[in-house]
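Here is the structure we will look at, set down as structure tokens.
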Amino acid sequence: MGLLERMEQQRLGQKDKAQEEGKKDIIHVDIHQDLKNRVHQEVINEINSSKVDTVGKENPIEILRILENVMAVEAENVNRLDRSRITEELLNEIIGYGPLEVLLNDPDISEIMVNGYNRVYIEKKGKIQLSPVVFKDNQHVMNVIDRIVSSVGRHIDESSPMVDARLKDGSRVNVVIPPLSLVGPVITIRKFSKKPITTDQLLGFGSISKKMLSFLEACVKGKLNIIVSGGTGSGKTTMLNVLSSFIPDNERIITIEDSAELRLLQDHVITLESRPSNLEGRGKVSIRELVVNALRMRPDRIIVGEVRSAETIDMLQAMNTGHDGSLTTIHANSPRDSLSRIETMVLMSGMDLPLRAIRDQTTSAIDIIIQQSRLRDGTRKVVNITEVTGLEGDVIVMQDIFSYEMTGQLDTDGKFKGRFKSMGIKPRCLEKIAHNGVMINDDWFIE
């Protein structure tokens, strides 16, 4: 037999061997799946018969005990490593969020995107990548969705196929299901750190400079009205949390959000959350209604998680009627765009106001706009701190106090090089800050 023939025979032998091993792997997976289904059902039956389900998630130790007892009988021929893995997966299925638990517990993951049962993407360090995690089928995804939305009193079905919710740790969840989604159930989870981001961390991340942060602290303590502007995932809510940490402890703060995400450390905080309509189409409480009601609650500060509709006019009026120091966020690509969006949203409220009147309201209400941006390298930066100075004719006049300047080069970590710089302009709002007894340092504005 020649060399080529021997090589071909060896190749065919290796191919047959690989196919046999592949078959074994498939059988191995099927056996474990069958085992998991059997154990899962037995545990559920045991929980129902012993009424552990009335305690639910508050008694995971008892559920784990039942699960381990069933596994000891059903999985006696399974090795210790696989038995431990199966037990953990089943525990996540029964009291957690199934396959998502491992992603939710990873502190390096900032976003989870489920595109149907077999495509789960994650964001790590600002970069999106495909995760090895998959669900069994679309019904498996729906079971997890039901667990998420029911925990916050929301519902989702074909007649109401979209919902916003949150997890217990404050992470934001958006769900879209068929028939709106053609790829199966879609879940988007924006994770939040178990501990709020601190000013030191922002500085460490290179998201802002020390001078800019000191100026913003003076703005908050000096009761300026501030809008945080930026695109999706640019860090607006994180910045809002940091700004709110500068509010003195002796002030009464009211936060208004669609899903409560802000984590304020002060004692005197009232958290309000909007409510969607129920199955009968009743009971809806909008952000706008909450803003109007908050004005009757003797607030020192009103913080609206995001203005995106008719509540904008009420927020502007609150800022103009003695509720200085209000904070909110808005989706926009630049400070100028954020003011254009505000005008559009005021018109959405149904108020038949001339453009000049809207701009008068806007310039009187808003003092500072902070522009957040997520760069292509995944980093988040404060790219502008802009002051709204007034009207000239029908044009709103603004001036940049600080900005971020990129050089276009990359460092050794693949991040863009750049620097924060002061524009050398002393803002007009310093007078208001000083009037409220807050110290100002002229060195902040020296380049």
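The values are calculated or read from the model by the stated rules, or taken from the named source; none is laboratory data. In this text, all values refer to a predicted model and were calculated from it rather than measured experimentally. For neighbour counting, all protein chains shown are included, and Cβ atoms are generated from backbone atoms with ideal geometry for every residue, glycine included.
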Can you pull out the strands (runs of 3 or more DSSP E) entirely within region 165-262 that have at least 2 residues that are surrounded by fewer than 22 Cβ atoms within 10 Å (Cβ to Cβ)?
172-176, 186-190
Scan region 402-411 and give yes if some residue there is out of contact with any Leu (no Cβ under 8 Å at 6 or more places or on another chain) and not in a strand (DSSP E or B), otherwise no.
yes
Could you please find all residues in region 72-90 being assigned to a helix (DSSP H, G or I) and modelled with pLDDT under 70?
73, 74
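Matching residues to (1) basic (Lys, Arg); (2) over 24 Å from residue 329 (Cβ atoms); (3) in the same structural domain as residue 210 (by TED's automatic domain parsing):
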| position | (1), (2), (3) |
| --- | --- |
| 356 | yes, yes, yes |
| 360 | no, no, yes |
| 366 | no, no, yes |
| 374 | yes, no, yes |
| 381 | yes, no, yes |
| 400 | no, no, yes |
Restricted to region 137-164 and to residues being modelled with pLDDT of 85 or more and part of a loop (DSSP other than H, G, I, E, B), the residue nearest to residue 116 (Cα to Cα) is 137
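Okay, residues lined up against (1) part of a loop (DSSP other than H, G, I, E, B); (2) aromatic (Phe, Trp, Tyr); (3) more than 21 Å from the chain's Cα centre (by Cα); (4) surrounded by fewer than 17 Cβ atoms within 10 Å (Cβ to Cβ):
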site	(1), (2), (3), (4)
271	no, no, no, yes
318	no, no, yes, no
333	yes, no, no, yes
364	no, no, yes, yes
Residue list for region 204-234, restricted to those being farther than 21 Å from residue 445 by Cα and in contact with a helix residue (DSSP H, G or I) (Cβ under 9 Å, 6 or more places away or on another chain)
229, 230
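For the structure I just gave you, tell me whether residue 359 is surrounded by fewer than 16 Cβ atoms within 10 Å (Cβ to Cβ) and either among the β-branched types (Val, Ile, Thr) or without any contact (Cβ under 8 Å) to a residue 60 or more places away in the chain (or both).
Values: surrounded by fewer than 16 Cβ atoms within 10 Å (Cβ to Cβ): no; either among the β-branched types (Val, Ile, Thr) or without any contact (Cβ under 8 Å) to a residue 60 or more places away in the chain (or both): yes.
When the stated conditions are applied, residue 359 does not pass them.
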Is it true that some residue in region 124-143 is out of contact with any Pro (no Cβ under 9 Å at 6 or more places or on another chain), buried (at least 18 other Cβ atoms within 10 Å of the Cβ) and among the aliphatic types (A, V, I, L, M)?
no
Residue that is farthest from residue 195 (Cα to Cα), among those in region 96-108 that are without any contact (Cβ under 8 Å) to a residue 40 or more places away in the chain and either of a type in the set (Phe, Trp, Tyr) or surrounded by fewer than 18 Cβ atoms within 10 Å (Cβ to Cβ) (or both)
102
Considering only region 273-310, how many residues are within 20 Å of residue 370 (Cβ to Cβ) and not in a strand (DSSP E or B)?
4
Determine which member of the set 440, 385, 396 is in a loop (DSSP other than H, G, I, E, B) and touching a residue at least 24 places away in the same chain (Cβ under 8 Å).
440
